[in-house]
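This report concerns only the one structure given below.
The values are calculated or read from the model by the stated rules, or taken from the named source; none is laboratory data. Just so it is clear, the model here is predicted, and its values are computed rather than measured. Cβ atoms come from the backbone with ideal geometry, glycine included; neighbour counts cover every protein chain shown. The area values use the complete protein model at the heavy-atom level, side chains included, leaving out ligands, DNA and RNA. Shrake-Rupley method; radii C 1.70, N 1.55, O 1.52, S 1.80 Å.
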Amino acid sequence: MTIAHLTPTSFSSSSVLGGGERYVANVARAVARAATADHVPVDQRIVSLGGERSSVIVEGIRLETLPNDTQRPGPMNAISHHLREALVGADVVHVHQSLTVFGAYATATAASMGIPVVLTDLGGGADENMLAGRGMDLAAAVVSISAYAGALIGSSIMGRHEVILGPVDTETFHPQQADGLRGEGILCVGRILPHKGVDRIVRALPPQLSLTIIGQPYDQPYLDLVKGLARGKDVTFVHDADDEMVRRHYSTSALLVQASTTLDAYGRRVEKPELLGFTPLEAMACGAPVLLAKTASLPELIAGTDAGRLFRDDEELAQALREWAQGTWRPGLSSADVREHVVRTFGLEVAGRRLLEVYQGVLD
Amino acid sequence: MRILVVSNLYPPMHIGGYEMGCRTLVDALRARGHDVRVLTSPSTRLADQPQPHVVRTLQMTAHTPAAMRARRSVEPGATVLARASHPTNTATMLQHIEEFEPHCVYLFNVFGIGGLALMDALQVLDYPWALHLMDRVPVEVSTDLNPDVLALFGAHDGTLYDGASIISMSRRLLGEVEQLCGYSVAQGAVYVPGWSTASLELPERDYAPAGRVRFVAAGRVHANKGTGLILEAAALMRERAGIDFSLEIYGDGDLPWAVDLAHSLGLDDLVRFGGWRSQAELQQIYRRSDSFLFPTWEREPFGFAPVEAAAEGCVPIITGGAGVTERMVDGVHCVLIDRTVESLADAMQRVCGGGVDLAAMGEAGMMLCREDLHLDTCVSTVEEVLASTAHRRARPERLDWRTYALMALKHNLAQQLQES
């Protein structure tokens, strides 16, 4: 079975770095892992747009880059006039970022070639051609990355619909002995954007706690706002962390906080703020407990476990951090159990096997 | 065979030879026992006979007087509807495929009815289909469209036509399409020229009685067709003393311009404008005329009129390079000219001066038009193409609703991409 993953942006330093890009790479690895374990012959390629035409094989997966041929600005509008050529031989096409112009174009192209299409919404848009225009009807299956993400598009799905949280790269993200002991500082990881609610964490930070904020700044005025709020507090900003550095922070920080919000610091409503919180999942894979906003998909990440705590608003966030500083709140699970929760529920092999079932199902 | 014909216009509604040719082929195929259904747009003219096999439910969004004057659709949305995708027309064609279950879909001019999507739908279905080119349709349906829209339908690199059987009136026409579109039609084409419908018996006729050569022209009166050249060449001939000839011009078009031009050239007593004539009337006119003037533009895909004239022994004078010259040989069936006043006047002068053996050339033309260029021969070739097309591909047993959904998505996307 040959699976082509289509994504407007690739997971590389020259492209956009976000959960969406990380997700596609994880999916391919997870499927490869499950296929190997179950002796299913699978050939995969990830086709991304926006660079010079290239083709390389990494870990057995072909990464093909096609030029973005359109004049329309923005990666989610990316279109390749050579997409058909890249899809020749594919048995299944998985279109990521499906609710964008890119997604609609890719869906139309694959469906025109008679190739079953699996769609996943990773954010990036709410394309009317796919929703109100019923383009999603063309999907042989829809994979939602959380129940929350699935609920947003449930009314547009006619056929098979699977909610598969993850996959999380639990091989890259795991604690190592050399990391040393877990410290007292708390951690916030993610692109520094208003909908991530970083300002909320800084505001709520009690004087006893230190906070490290890791993430690339994509919005300078917002970064300035957050830095202004951090003045006089023990806050460190890191903008150039690589995966290994992030992993070490996950493994040595006391707590990861994610405060994504539907109402940002400027009073603007945010749609689909967190379809799947990759950062908390990766942190938990490294054994870190989490403090998460009751926003979008975040509650699903610790549902049924005591790997962390949820907060409803700024007051509850501040209260939780105060209790953490005073030592009156600690999660019930040990670091090892927190990691086990992620491996068992969102890990590569578990999610990969479920994705493989979806691909096999659409061929049946 | 059951054949579904799709054409933007169909007589009595027509502009030129494309639509008339479509009807002639439909009638001939029906006469040979094929079950033909024609899907086209409404007519504002009354048919002379009932047309129960013609379904006029397609919506035509071009060829309005304003659009023709502008030579393009101005609104982005209108451009998409005319050239790329008209969702109602696409769905209508799919419904007729479902209901009529044709062995083959046979397309003619699909400009103005969202032609790209019609062809793309057939391609997506892997349905047996043929495209009969009597003009550069692939160019017309691609003009003014955003490259993203072209790629959406596979019209940027010609993959749209991969599954089609292509019939072209001439190599010249296909070459022009390939040059302007920038790709080659990989599967090539079968060439079916313009034809004559004359009876196989050769008519008896004479040439230049009393030494006076009778020139005639027929077709759309328009600068592209060379009406101005004809009038200016006639004026030049008049300047050359001792040359006796007459000139009759038949057809609709830009008559006020042509009449004014003739008047300004002092040709009122020499030229007669006869207006539109039926095919039967034109046959009689050709039979009593000596030479047919056809100084059309070089990109003429073929040209039915010189064939019809030659079938009656009326010797054509034709612009070199026009599609019909792939079949008619200079000095054997016709006289070829450069498309200039001087060249046309020189050829006319040679005819008047006896430098052209009108009787021999006329007979050769009449023979050609009763063999290679006869309708029977052309219909047989078309029949073979359609039959092999129908056999080459297995028709889908039933249409999937997804085809409708896919074409709707492509239409919506095309509108969005064209407008941005």
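Laid out as a table, the results:
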| item | result |
| --- | --- |
| Entirely in segment B:316-420, the helices (runs of 4 or more DSSP H) that have 1 or more residues that are under 30 Å from B:ILE3 (Cα atoms) and more than 14 Å from every other protein chain (Cβ to nearest Cβ) | B:358-368, B:375-392 |
| Unique residue being over 17 Å from A:VAL358 (Cα atoms) and within 19 Å of the chain's Cα centre (by Cα) when the list is A:VAL47, A:VAL58, A:VAL27 | A:VAL47 |
| Filtered residues of segment A:41-72 (kept if open to solvent by 40 Å² or more (accessible area, probe 1.4 Å), of a type in the set (A, V, I, L, M, F, W, C) and touching a residue at least 12 places away in the same chain (Cβ under 8 Å)) | A:VAL42, A:LEU63 |
| Meets criteria (surrounded by fewer than 20 Cβ atoms within 10 Å (Cβ to Cβ) and under 16 Å from the mean Cα position of the chain (by Cα)) for A:VAL163 | yes |
| Conditions (1) in contact (Cβ under 8 Å) with a residue 12 or more places away in the chain; (2) farther than 14 Å from B:ALA217 by Cα; (3) part of a loop (DSSP other than H, G, I, E, B): number failed by B:LEU261 | (3) |
| Count - residues of segment A:116-137 that are within 23 Å of A:TYR359 (Cβ to Cβ) and crowded, with 24+ Cβ neighbours inside 10 Å | 10 |
| Number of the exception - B:PHE215 against (1) outside any strand (DSSP E or B); (2) closer than 15 Å to B:LEU344 by Cα | (1) |
| Check on A:ASP199, acidic (Asp, Glu), over 23 Å from A:GLY347 (Cβ atoms), surrounded by fewer than 16 Cβ atoms within 10 Å (Cβ to Cβ) and at pLDDT 95 or above | no |
| Within segment A:67-85, tally of residues that are more than 10 Å from chain B (Cβ to nearest Cβ) and modelled with pLDDT of 95 or more | 0 |
| Search result, residues across segment B:252-277 that are closer than 15 Å to B:GLY226 by Cα, open to solvent by 60 Å² or more (accessible area, probe 1.4 Å) and hydrophobic (A, V, I, L, M, F, W, C) | B:TRP257, B:VAL259 |
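Residue-by-condition table, conditions (1) surrounded by 24 or more Cβ atoms within 10 Å (Cβ to Cβ); (2) assigned by TED's automatic domain parsing to the domain that holds A:LEU225; (3) hydroxyl-bearing (Ser, Thr, Tyr); (4) free of Cβ contacts under 8 Å to residues at least 60 places away in the same chain:
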| site | (1), (2), (3), (4) |
| --- | --- |
| A:TYR266 | no, yes, yes, no |
| A:PRO273 | yes, yes, no, no |
| A:GLU282 | yes, yes, no, no |
| A:ALA285 | yes, yes, no, no |
| A:ARG309 | no, yes, no, yes |
| A:ASP313 | no, yes, no, yes |
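Listed here are the residues, each with its yes/no results for (1) more than 27 Å from A:ILE79 (Cβ to Cβ); (2) open to solvent by 20 Å² or more (accessible area, probe 1.4 Å); (3) in the same structural domain as B:LEU409 (by TED's automatic domain parsing).
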{"position": "B:LEU94", "(1), (2), (3)": "no, no, yes"}
{"position": "B:THR159", "(1), (2), (3)": "no, yes, yes"}
{"position": "B:ALA164", "(1), (2), (3)": "no, no, yes"}
{"position": "B:MET169", "(1), (2), (3)": "yes, no, yes"}
{"position": "B:LEU174", "(1), (2), (3)": "yes, no, yes"}
{"position": "B:GLU178", "(1), (2), (3)": "no, yes, yes"}
